[in-house]
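Reading through the structure tokens given below for one structure.
We did not get these values from a lab; they are worked out from the coordinates using the rules stated. Please read these numbers as outputs of a predicted model, since none were measured by experiment. Methodologically, a virtual Cβ is constructed for each residue, glycine included, from the backbone with ideal geometry; neighbour enumeration extends over all protein chains shown.
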Amino acid sequence: MTNNTLGKNIARFREQAGLSQSELGRRLSVSSQAVSRWEHGGLPDTALLPKIAMELGCSLDALFSLSVSSPDNTEDLLSQELQRTPPDQRLKQTIRYAWHMMKMNGALAEDTVESFFTVASSCEDADRNIGAGGKSSTTKCSFTFNEGLMLSSVASDFKYILLMQEPEDGFASIMKDIGSYQKLFGLFSRAHRLEVFLLGFSLPQGRLFTRDYVCEQLRISPELAQEILDELCDYRMLGCHSIQVFGKCTEAYVCHEIPMFIPFLYFAGAMMREGKTYYMSAALRTDPLLRSTLVSDPNAPSWEPVSSKQQPSHSAYTLAGKGK
């Protein structure tokens, strides 16, 4: 294979990824002139080749035109690429793949692939707070389609991709009724409820904590702490266990593993707009986001407080504030 073939492949995969020579150079910590030299027959440092392939979203075999056969489907290809990726880089690479597909969806829908890719790629890896001229960067992206929606952040220090396909009978069909949401927001609006719930998330997963720990951390009375703990247990926000500590039976609590609470708080915070907020948006949806009102499913139980404390056999647990 000639150097010119490698250069043509770098140029081809760079264009497919929607990257300019300067953007690819920035990601590789080289100049745009270096990228231009590669594409015109110059040979990159061999130590850079794996990173070049990763940034271009291709394999080394493809970069060198060594692929003799293609996988039967895209899933196989992605599996092979992730297997080649170091374990500590796989989530980052997965987000890059998802973001590339998100851009492609928007570009194809707008029918302006090249210009859309240029605009979408321009915000990648920027500072999410400060951009050129001290203005906020457009690192948040919102694409809406009649089939669903896509949201992302492509900032240098914070990335996520949310792809949500809409059910056939609309988003409202997968949601609770208005009354249930009012109960949830009402619960957390009361004094110290949210603080106690978040206290459980500040501990290692599965770590139990006691009423005394809540009193110590939040400096509230035992009576108020117990009232809040009972309420959160009744709403199944916390689990309660009866355990033995130094021969004495006591109740300890644990947060149910609900990882969606982190994006819940983040997106709630994103709704609290302060001053100007910049989004790159492709509003390609003609239907309203909610095609029907939020109503109760007669076959689904409503969100009601029910005493749900667990009473398992006495067990040895690691408590917050005790042991390591």
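Could you check how many percent of all C-alpha pairs in the stretch 120-240 are farther apart than 23 Å? More than 23 Å apart: 59 percent of the Cα pairs in the stretch 120-240.
For the pairs 92/183; 51/140; 140/176; 183/248, flag any whose C-alpha to C-alpha distance is greater than 32 Å. Flagged as over cut-off: 92/183; 183/248. Once you reduce the stretch 74-100 and the stretch 3-46 to the center of their Cα atoms, the two points are 21 Å from each other. In this structure, residue 175 and residue 272 have a Cβ-Cβ separation that, at R0 = 22 Å, corresponds to a calculated FRET efficiency of about 0.55. In this simple spin-label approximation, residue 158 and residue 261 carry label points 7 Å from Cα along the Cα→Cβ vector, and these lie 2.0 nm apart.
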